[in-house]
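Remarks on the structure that follows.
The values are calculated or read from the model by the stated rules, or taken from the named source; none is laboratory data. Just so you know, these numbers come straight off a predicted model, no measurement behind them. Positions of Cβ are backbone-derived with ideal geometry, glycine not excepted, and every protein chain shown enters the neighbour counts. These accessible areas exclude ligands, DNA and RNA; they are computed on the full protein's heavy atoms, side chains included. Shrake-Rupley method; radii C 1.70, N 1.55, O 1.52, S 1.80 Å.
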Amino acid sequence: MADSVNSTTGDGAEPSPDDRIAAVRDGALAALAALSAAETADGLQEWRNRYIGRSGEVTLLLRSVGSLPPEQRAGFGQGANRLKNELEAAFDQREAEISATTGPVGAIDVSLPGRTPAKGRLHPITQTIREITDAFAAMGFQTFEGPEVELERYNFDAMNIPSDHPAREMFDTFWLDRVDEEGDRSILLRTHTSPMQARIMETHEPPIRVVVPGRCYRYEATDASHDWHFNQVEVMAVDENITFADLKGTLYEFARRVFGPERKVRFRCDFFPFVEPGVDLAIDCFNCDGDPACRICRGSGWLEILGAGMVHPRVLRYSGYDPERYTGFAAGMGVERVAMLKHGIDDIRHFYTNDMRFLSQF
Amino acid sequence: MKVPISWLEEYVPITVPLDDLAHRLTMAGTEVDSIDTTGSYEGVVVGLAKEVSPHPNADRLRLVQVMTGDEMLEVVCGAPNVAAGQKIAFAPIGTVLTDAYTGEERKLRRSKIRGVTSNGMVCSERELGMSDEHEGILVLPEDAPIGTSLNEYLGETVLDLDLTPNRPDCLAVMGVAREVAALTGETATPPPIDYPEDGPDISSLAKVEIEDPDLCRRYTATLIQGVKIGPSPDWLADRLRAIGERPINNVVDVTNYVMFEMGQPLHSFDFDELSEGRVVVRRALPGETLLTLDGETRELTPDNLMIADAGRPIGLGGVIGGTESGITDGTKSVLLEAANFDGSNNRRTANGFDIRTEATLRFEKGLRPELAEYGVRRATKMILELAGGTVASGMIDEWPGRDGAIQPVVLPADAIECLLGVSYEPGVVMTTLESLGMEVVSRDGAYTVTPPYWRPDIAIPEDLIEELARVIGYEMIPTTGITGSVPEWEPSPGRDLRERIKDILSGFGMQETISYSLTTPEAEKRARPPEHGLEPLRVLHPLSAEHATLRTTLRHSILAVLARNARTWRGPLRMFESGRVYLDGGEGVGLPHEPEKFVGVVAGPRSEIAWMSGEPESSDFYDAKGIVESLLAEFGVTAGFVPANETTFEPGRCARVVIPSAGRAEIGVIGEVTSDVLSAFDIETAPVAMFELDVEAISRLPELQTLGQQDYRPFGRFPDSARDLALMIDEGVPAADVLALAERNRLVVSATVFDVYQGDAIPAGKKSLAVRVVYQAADRTLTADELIKAENSILRALEHNFGAELRAR
């Protein structure tokens, strides 16, 4: 192109330098204005290359300064530079105008979905067990686990529930077709995680601060809030000088951590054979406002989430601890209950149906 | 336990609103499940039939002017028994009533009947839902207050209590009254038990012998002669109905009533049916039978305590009576029994015969023998009043263990603060315990407390501390943190590993599932797991046939979950379950082994459908394998995969997962599930890749012992070089062997297959492998010459070992 410029300058009817500048200017501005929005991306770039690019017409004008007589050089150079500045400004303005209507050059559709990394979640029961054990871990409680198939001795006798005791009614039991080592009593599916209280005391010296999550089984009909298969977390602290006030403080703190400060908590007297005094900790119903037809709390407004109390002296003694010296508290809570409260789940049976449409929500 | 408020009020004044009372009882351990109203006559009021006149247009209808207190309304009524001056049940317009003919509920509308507007309805019993009686209207007693709602007038408010097994005293209205008294600062007054004893000396007429005093601590009895059996008065029948009991006759109803009033079970015998007027309390003889009141013939054993007369059994002590000695319409003399039976034995007998009676419900909780006398005297007084007759003077009272008086409990004053973390003033302790009927002596820093006979549950100081805490209120106890030292930390590697694997697998896009651990051998076999030769542990009485044995494998669990979701879930089907299997160690070996397993399935599309890649391909074996490899890599473990055959998996598409660094220890299995297994689960998605891993085996791997403490390995500071080889090789040569051989060269950092090809240009029986080999030295940048030399040496080894030919480099 440099050649063609040179060749035109070599022609006879030579336009004046000012006319040359004016001609380039008119052509450039007309072309710029003519660029429609639809052509922007390529059209603007083309225009820029043609007029103000490295071998564009204005650049060529500037380069041709050397071929002019010395007396014309200053004026022509200034004129060409002004044109360059003017066209660059015009380009910027036009680009801005066009951008305002179509977006920046090279834009992508940011609304298209991204490439999804594989999605997997932990079961809500696993998540809830971790929340509970973590809340207690922060208070110095370690996590232990124990057998689900259990001896009657640990499940009942050690927990101050002798045979023929009416309190056994509270723990409808799945018995298995096997007998224990002595050969006379059936083994069973643990009805609660409490037998681990005895197992831990047998193998550890005080102080004890443990949480024991695990599956439990009760021989009872299934409905929206009961399943024969469920998870519990057992909590136990035994040491010198552990009091009911400590029980309240620890469980309040647990409730605050797991349910948030806005949930109401109620401690009331209750009976469990392995504690004295006994406690029922309830939390206000998430589902209703005292609706008597509420199918979760059945109108009571409260949901029992754990039973607790001061470890019964007979339980301590059974496991070889001196109740004159040591006191402790214990609590047991239903994990499904806690998960239902936290997520507003209205039917316990969802947990073991394993429908992805349920599980993927947690 | 249902407690009608009007009944409760006979023994204690109720001075707080019912809601408040229910709250106090609940907080103190006697949970009020609900406050119910018997009958539901919403909107219906007591009215007065002021005037009754004939209907101008109908012979059988009448016009009744009903006064309801503030207004007079004209009502059309068809009942033949309506008469002026009657108190009637009036339903205004808008009341919901039971239609007398259809039995359906409907809302009462204003209507014209034969030209006269009826402004409501005078109700029959049927319309009120009280009975089927609809021939005439319900006529109320004359003193029924006009304008009062019928609910208030006829209905009974009943507390429905959810009792704990330690409180047999609250299985009696009197016991609940004592609880109410303690919680509201009132005094409970027991019902009167005095009556004239005008008959001959009872000891000249009847005799009781207790042969087994271990099972019967006390037996009291009275004799009422000349009774007239008949229906109970309305008030008594209504009360029994209000608590869900069916009235029978005046004598039987009294024994029932007093049991619910005082908590002492009673039994009445037709005295004339008792041979020689004798009652013998003894263990049954082997083979003895008894026809019980429920019509069943029971075969007894010496474990059953029997009530007999001189010759034959007449009752199962404290469980159920026999028919032959029961009260009939013709009964003239009643021997009334109130005994104290051993709780455990009573419960065993009742459970053995599958009879749950109200008597057992009380005896099994261990009643005090003192209660028997109060019960028998109260019932005697009521029978005398309701059935007439004469009471024989004196009372039979066999009490062989009489010296076993109620033992006081010594409560050291400082034990209260020690257990509760709060102390109470001595005066508060004394009045609180006394409000519960306890006798308290305070001396030398301790309270000596004698509990009342109705509280058999009070036996140790902690019981008294609970009484104090619950009556004063749990909310009054402060909340503090544990102050002692934190126990020594103990590692729990198995649990930590299991939880870490769960995190890793979910991070790899797998959803955790949890299935029931009870199943059936048939369900397990559907997944065709390897035979383990162990009998599953069986539940003696399964709740349902599908949940009868403890699982010995997780394979069927995860396939069932896959089956459930395959039709409804459009995305990748990637799930895992972590759980225990239960392996019997054999008879007499103790508890079963409960090893932790992981099982996972990978099926369906490899990824979500996406605009950049279109319809995703199906997942396969290698997706599952990649998950297992990457999982193990997280622990620094490199796995080997050895072709294997297992019935769950397609032949040739299954491998055992072995760990070369641990002596080729096997930690699991992986494969594509056979189409037979898939169709057994009704799974149409294919292929389905599955893996099963043994957490215990993984935990024993050497890499796991140093997890978190493995030594740092310096990485190469000099640049590496990658070179690709295309090899032709027998198709049976495992790619892993080729790579392993290449990696044996000391300059090779890694070798990876990036293409496998069979087809055009490759002879049958051969395959083409494209392998990228990365070379690096620790101390220099490798020259081109060194690279070629290394590559040639690898090629020679491959040719020598596998007959590999170079196609391109």
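Quick notes on this one:
- B:N565 meets the conditions (1) at the interface with chain A (Cβ under 7 Å from one of its Cβ atoms); (2) in a helix (DSSP H, G or I); (3) open to solvent by 10 Å² or more (accessible area, probe 1.4 Å) in every case but one. The failed one is (3).
- Reported count of residues in the stretch B:615-625, each being under 30 Å from A:V110 (Cβ atoms) and either touching a helix residue (DSSP H, G or I) at 6+ places or on another chain (Cβ under 9 Å) or open to solvent by 30 Å² or more (accessible area, probe 1.4 Å) (or both), is 2.
- All helices (runs of 4 or more DSSP H) inside the stretch B:667-760 with 2 or more residues being polar (S, T, N, Q): B:675-680
- Qualifying residue in the stretch B:761-768 (condition: in a strand (DSSP E or B), under 60 Å from the mean Cα position of the chain (by Cα) and under 22 Å from B:Y622 (Cα atoms)): no
- Filter pass, B:R574 being buried (at least 21 other Cβ atoms within 10 Å of the Cβ), farther than 20 Å from B:E672 by Cβ and facing chain A (nearest Cβ under 8 Å): no
- Unique match (being under 20 Å from B:N645 (Cα atoms) and either more than 10 Å from chain A (Cβ to nearest Cβ) or open to solvent by 10 Å² or more (accessible area, probe 1.4 Å) (or both)) among B:L540, B:L559, B:L534: B:L559
- Checking each residue in the stretch A:97-125 for being hydroxyl-bearing (S, T, Y) and at the interface with another protein chain (Cβ under 7 Å from one of its Cβ atoms) picks out only A:T116.
- Residues of the stretch A:200-223 satisfying the condition of being assigned to a helix (DSSP H, G or I) and either in contact with a helix residue (DSSP H, G or I) (Cβ under 8 Å, 6 or more places away or on another chain) or within 10 Å of chain B (Cβ to nearest Cβ) (or both): A:M201
- Residues that are of a type outside the set (V, I, T), within 17 Å of A:P323 (Cβ to Cβ) and touching a Pro at 6+ places or on another chain (Cβ under 8 Å), drawn from the stretch A:207-241: A:P207, A:A237, A:D239, A:E240
- Residue within the stretch B:376-398 that is under 30 Å from A:P313 (Cβ atoms) and either part of a loop (DSSP other than H, G, I, E, B) or in contact with a strand residue (DSSP E or B) (Cβ under 6 Å, 6 or more places away or on another chain) (or both) present: no
- On inspection, B:D59 qualifies as out of contact with any strand residue (DSSP E or B) (no Cβ under 8 Å at 6 or more places or on another chain), over 21 Å from B:L140 (Cα atoms), open to solvent by 60 Å² or more (accessible area, probe 1.4 Å) and at pLDDT below 90.
- Of the residues B:L25, B:L63, the single one that is touching a residue at least 40 places away in the same chain (Cβ under 8 Å) and assigned to a helix (DSSP H, G or I) is B:L25.
- Residue selected from the stretch B:153-166 under the condition in contact with a Pro (Cβ under 9 Å, 6 or more places away or on another chain) and open to solvent by 10 Å² or more (accessible area, probe 1.4 Å), by the criterion farthest from B:E358 (Cα to Cα): B:Y153
- Residue check for A:T128: more than 11 Å from chain B (Cβ to nearest Cβ) and of a type in the set (V, I, T): yes
- Test result for B:L518, at pLDDT 95 or above and either touching a Pro at 6+ places or on another chain (Cβ under 7 Å) or within 30 Å of B:L433 (Cα to Cα) (or both): no
- The listed residue being open to solvent by 20 Å² or more (accessible area, probe 1.4 Å) and under 24 Å from B:P13 (Cα atoms), out of B:D238, B:D198, B:D169: B:D238
- Residues that are in contact (Cβ under 8 Å) with a residue 40 or more places away in the chain and either hydroxyl-bearing (S, T, Y) or surrounded by fewer than 18 Cβ atoms within 10 Å (Cβ to Cβ) (or both), drawn from the stretch B:201-211: B:D201, B:S203, B:L205, B:K207, B:E209, B:E211
- Screening A:G344, A:G320 for residues that are under 26 Å from B:V32 (Cα atoms) and surrounded by fewer than 22 Cβ atoms within 10 Å (Cβ to Cβ) leaves exactly one candidate, A:G344.
- Whichever residue in the stretch B:246-261 is touching a Lys or Arg at 6+ places or on another chain (Cβ under 8 Å) and open to solvent by 10 Å² or more (accessible area, probe 1.4 Å) and, among such residues, is modelled with the highest pLDDT: B:M259
- Qualifying residue in the stretch B:99-115 (condition: surrounded by 17 or more Cβ atoms within 10 Å (Cβ to Cβ), of a type in the set (A, V, I, L, M, F, W, C) and away from chain A (no Cβ under 14 Å)): yes
- Enumeration of residues in the stretch B:577-608 that are facing chain A (nearest Cβ under 8 Å) and farther than 23 Å from B:V657 by Cα: B:D584, B:E587, B:G588, B:V589, B:G590, B:L591, B:P592, B:S607, B:E608
- Here is the figure for the stretch A:164-198: residues that are surrounded by fewer than 19 Cβ atoms within 10 Å (Cβ to Cβ), farther than 23 Å from B:R347 by Cβ and more than 7 Å from chain B (Cβ to nearest Cβ) total 1.
- Residue check for A:F271: over 26 Å from the mean Cα position of the chain (by Cα), facing chain B (nearest Cβ under 9 Å) and open to solvent by 10 Å² or more (accessible area, probe 1.4 Å): yes
- In a residue-by-residue description of the stretch A:141-148, the property of being facing chain B (nearest Cβ under 7 Å), in contact with a Phe, Trp or Tyr (Cβ under 7 Å, 6 or more places away or on another chain), closer than 30 Å to A:F358 by Cβ and not polar (S, T, N, Q) applies to no position.
- Unique residue being touching a residue at least 60 places away in the same chain (Cβ under 8 Å), in contact with a helix residue (DSSP H, G or I) (Cβ under 6 Å, 6 or more places away or on another chain) and not charged (D, E, K, R) when the list is B:A527, B:A566: B:A527
Residues checked against (1) touching a Phe, Trp or Tyr at 6+ places or on another chain (Cβ under 7 Å); (2) modelled with pLDDT of 95 or more:
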| position | (1), (2) |
| --- | --- |
| B:T638 | no, no |
| B:N645 | no, no |
| B:V657 | yes, yes |
| B:I667 | no, yes |
| B:L678 | no, yes |
| B:F681 | no, yes |
| B:S699 | no, no |
| B:E703 | yes, no |
